[in-house]
Each structure stands twice: as structure tokens, then as C-alpha cells.
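Colleague: The structure follows.
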There are 2 protein chains.
Amino acid sequence: MRPFKHPAASEFSLERVLYALSDSIRLDIVRHLACVEAATCGELDGGRPKSTVSHHFKVLREAGLVFTESSGTNHMNTLRRADIEGRFPGLLSAILAQQTS
Amino acid sequence: MRPFKHPAASEFSLERVLYALSDSIRLDIVRHLACVEAATCGELDGGRPKSTVSHHFKVLREAGLVFTESSGTNHMNTLRRADIEGRFPGLLSAILAQQTS
């Protein structure tokens, strides 16, 4: 299995973070991860097809929002809150504070 | 000429606002509009082709970020700052406060 690619914080792009959060499924995943220490993909997929959810996790990883690592037969995901906060102070909390319709 | 369509603030969607700001050209337009009272499309296009810029203005209008009205032979654009702030408190300022790359 290929290891997951994660950008360094210095490579983060504001546009990519905003794009990653411009989808309701990805926004849900990030909201969920903001409330827990770590979660498997299964705990975050909301019963959606694996192929759909895999794509969303890839977008979130490439934006620098999510860190995924293998843990036995699972993938554990964590929110890269400190990295995002360091690069874009106040951004994530301002977005997660919003109510979605 | 068809009048421009602008959503009511109650119709704004967080995802649509984030998507609209996930492009560097659109982010530049919004940054510029945040500093002035109003601007024509020509003042905001950065010398880019009209067809490209028209698409970007449409995305910004549909998200509720920009209001466009005809003024003689020009189109004048304003940032809907109060409407966005009312619906998504703190969001726009948190995004515009970020440094890009």
C-alpha cells in the first residue's frame, strides 16, 4: 500500500484550503474531526460509498487539513489543526463557527 | 441586456462562498473590492480576457459576495460586505486577513 502524501505546512495554499472546505461532505468530515482526537474513515464516511469518500479524503489531505495514517487494517485520520492555525491564523475556527443551512 | 441576478442573504451557502473564494483571481477581485467603494469590471480584471473575468464575476455574484449594476456603459461592482457579515459573522475578514503564498 502506498503511504499517504501530506504537504508540509509551508506548502499550504489558502485557495486549496478554501476549495477543500467548499464541499458539504468534506466540511462535515472536518467538523467531525474537530471534535475528536482521531477517527477511522468508516467513522467519518456517513455511509457513503468508499470511492466517493476516498476522493474527499485525498482533497482534504492535499490541502493540509487532514493527516491519515495506517493503523492495523484501519486508516486513522486527524485534523492538522495546529499546522493550519500556524499558517492561516483564525481561518479554520471562523469557518467551523458558521452555521450551514 | 439581462439584469444581473443576486441571491438574497437568506439564500447564501457557506460552501458556495468558500468555493467562490477558492480561486486566486476571484480572491484578488474580492480583496480589491474590500478596499474601495465600488469598481468597474475593467478596474478589476487585471488585463485578463473579458470572457474569463465575466465567469468569475458570475461565481462571485451567485455566492452573494459581489453586487453588480449597470452604470451607463459600465458595470459597477461592490462587495456585499454587510450581507456576508450578517450571514457568516467573521468569515470574510478571517479569509481576507490571510496572506496568500
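Colleague: How much FRET efficiency would the formula 1/(1 + (r/R0)^6) give for B:E85 and B:H32, where r is the Cβ-Cβ distance and R0 is 22 Å, rounded to 0.05?
Modeller: Plugging the Cβ-Cβ distance into 1/(1 + (r/R0)^6) gives 0.75.
Colleague: Once you place label points 7 Å from the Cα toward the Cβ at B:T78 and A:T78, how far apart are they in nm?
Modeller: For the pair B:T78/A:T78, the computed spacing is 4.8 nm.
Colleague: Let me ask something else about it. To the nearest 0.05, how large is the calculated FRET efficiency for B:D23 and B:E43 if R₀ is 22 Å and r is the Cβ-Cβ distance?
Modeller: Taking R0 as 22 Å, the efficiency between B:D23 and B:E43 is 0.70.
Colleague: Also: Which value at 222 nm does the protein assembly as shown reach when only helices count, each DSSP H run of 4 or more adding -39,500 (n - 2.57), with the total divided by all residues and rounded to the nearest 500 deg cm²/dmol?
Modeller: Mean residue ellipticity at 222 nm (helix-derived): -12500 deg cm²/dmol.
Colleague: Placing a label point 7 Å from Cα toward Cβ, how far apart in nm is A:T78 from its equivalents in the other copies, listed shortest first to one decimal?
Modeller: Result for A:T78, in nm, nearest copy first: 4.8.
Colleague: Between B:A97 and B:A8, what is the label-point separation in nm under the 7 Å Cα-to-beta-carbon projection?
Modeller: About 3.2 nm, to one decimal.
Colleague: So, one more: If R0 is 41 Å, what FRET efficiency do you get for A:E69 and B:H55 from their C-beta distance, rounded to 0.05?
Modeller: After rounding to 0.05, the efficiency reads 0.55.
Colleague: Taking the number of other C-beta atoms within 10 Å as the exposure measure, put A:V36, B:V59 in order starting with the fewest.
Modeller: Going from least to most buried by this count: A:V36, B:V59.
Colleague: Same structure, new question: Does region B:10-97 come out rounded, prolate or oblate by the C-alpha gyration tensor, with a ≥ b ≥ c the root eigenvalues, rounded set by a/c under 1.5 and, if not, prolate when a/b is larger than b/c and oblate if not?
Modeller: prolate
Colleague: Given label points at 7 Å from Cα along Cα→Cβ, what nm distances, shortest first, separate A:S93 from the same residue in every other copy?
Modeller: 1.4
Readers should treat all values here as calculations from the given coordinates under stated rules, not as data from a laboratory. If you're wondering where the values come from, they're calculated on a predicted model, not measured in any experiment. Positions of Cβ are generated from backbone atoms using ideal geometry, with glycine treated the same way; all protein chains shown enter the neighbour counts.
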